[in-house]
Amino acid sequence: MGIKEQILQALKVKNYQSDRELTDYILGVGAAQQGINAACRQLALAGKLNRTTPPIKNYVDCDCTLEQAALPCTKPTVQVERGMYLKKEFNDFWNDFWKTDKDYYSDFSLEKLSQLKMAVTNINNLITYETTIMASSLICDILELSERDRLEIEKGIQSTSANSNGFDIEYHGEFQFICEVKANIPSGGKDVFGAQQINQLKKDVFSLINGKSKSVIKPEALCNYYKFLCMYCNDVKTSNAIGRFVTSFNHKYSNSIEIWNGKDLLRKDKVYIFIVKEEV
C-alpha cells in the first residue's frame, strides 16, 4: 500500500490528524514528515482529503465510514485570511510574553521586523552559550576535573566564535573529551523535534563519532575521547522530544547514543546525551 493510500486509511480510522500525527502513525515516531506533508497536499489538490487552516489538520468526510461515525467529528476550521492570521499570531505571542492586551503589530514597520529577525540570531547564540557553560560545569563535575582544568575549559569557550567549525567544547587534558551543545526546543508546542532539528542532531552525533574535517582532532584519535551531546531542556515536551530522537536514532544506527543515567561508568565508544537545565 502506497503512502497516499495509507494516509486515507489512517484518516478513515481516526479523522482530523496533523501531518505530524500521520507521520508518527505511518512512518514511526519522530520520522521526517516532508513525505507525508507532500502527499497530503497532493491528495488535497486531487480532492481526496481536506486540510484546515493552521494548525493544519487533514480530514475526510465524517460519514464515509462506520469507523468515523463512532468518532467525535470536529468541524473544519473556518478559513482565515492569511494576513489576519499572521498578525494575530504575532500579537498573541507578545501579549502573552508581556501579559498585556495590545496591537503590537501596528507598531512594527517592515524595517523593525527585519531588525527583530536579526536579534533572534543573537538570542539563539546566547541560549547556546549559556547551555555550553552549564554543560562544561556538568561534565567537569562528572569527570571530577580540577579547578585549573575548569578554568582552562571555560577560557576555551569564551574565546571560541559562535560560528566556529570545531566542537563546542574540546578538552585535551587527562580526561579528554569533546562535546556538542544544542538548545533545541520543539516548535508548535509539540513533543517531537522538527525535521531540520533532527537532521542537525544526527549530523552532530556523526561528527562526534567520525570527527570533523576542521577540528584539530584527527578521526583516528577519537577513540581516546569521551563524547557528549549536551542538550538544553526546559520542559517535559523537550525531554520527550529528546527521548524520541534517541529511540529513533538507535533503531537505525545500532544503539550508538544513550541518555546518561548518572550511574553507569562512561565509555569512550558511545555518545552520551547530557540533559542540562537552568537552576531556578
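Data for the structure
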| quantity | calculated |
| --- | --- |
| Over region 109-246, relative contact order from alpha-carbon pairs under 8 Å, at least 6 apart, % | 26 |
| Gaussian network model of the chain, Cα within-10 Å springs - most flexible of Val216, Val246, Val192 | Val216 |
| Helix-only [θ]222 nm of the chain, DSSP H runs n ≥ 4, -39500 (n - 2.57) each, per residue, nearest 500 | -15500 deg cm²/dmol |
| Degrees separating the helix 195-210 axis from the principal Cα axis of the chain, which is the longest one | 30 |
| For region 110-158, average projected area of the Cα convex hull in nm² | 3.5 |
| Computed over the chain: relative contact order in percent, which uses C-alpha pairs under 8 Å that are six or more apart | 14 |
| Electrostatic dipole magnitude of the chain [Cβ: Lys, Arg +1; Asp, Glu -1; Cα centre; debye, to 20] | 940 |
| Computed E for Glu81/Ser239 - FRET, C-beta separation, R0 35 angstrom, nearest 0.05 | 0.40 |
| Highest-fluctuation residue, Leu266, Leu208, Leu229 considered, GNM on the chain with Cα pairs under 10 Å | Leu266 |
| Loop GluC sites (Glu not before Pro), region 178-280, which have at most 12 other Cβ atoms in a 10 Å radius of their Cβ (DSSP) | Glu278, Glu279 |
| Formal net charge of residues neighbouring Trp98 (Cβ-Cβ distance under 13 Å; K, R +1; D, E -1) | -3 |
| Globularity index of region 192-263, i.e. its alpha-carbon radius of gyration over 2.2 N^0.38 Å | 1.19 |
| Size of region 3-69 as Cα extents on the principal axes (Å, biggest first) | 31, 22, 22 |
| Residue-span extension gain [Lys252 to Glu154] - 0.36 nm each, minus C-alpha spacing | 31.8 nm |
| Helix 110-143 axis, angle to the chain major axis (alpha carbon atoms, nearest 10°) | 50 |
| Values of log10 I(q)/I(0), in the order q = 0.09, 0.15, 0.17 Å⁻¹, for the chain under a Debye, Cα-only, solvent-free model | -0.59, -1.17, -1.31 |
| Max mean-square fluctuation residue, GNM over the chain, Cα-Cα springs under 10 Å, options Leu27, Leu116, Leu201 | Leu116 |
| Where Rh is the Kirkwood radius over Cα pairs, Rg/Rh for region 139-280 | 0.95 |
| Helix 147-158 axis, angle to the chain major axis (alpha carbon atoms, nearest 10°) | 50 |
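A short reminder: the numbers here are calculations on the coordinates, not readings from a lab. Computed from a prediction, not measured in an experiment: that's the story for all the values here. Every residue, glycine as well, gets a Cβ built from its backbone with ideal geometry; the counts of neighbours run over all protein chains shown.
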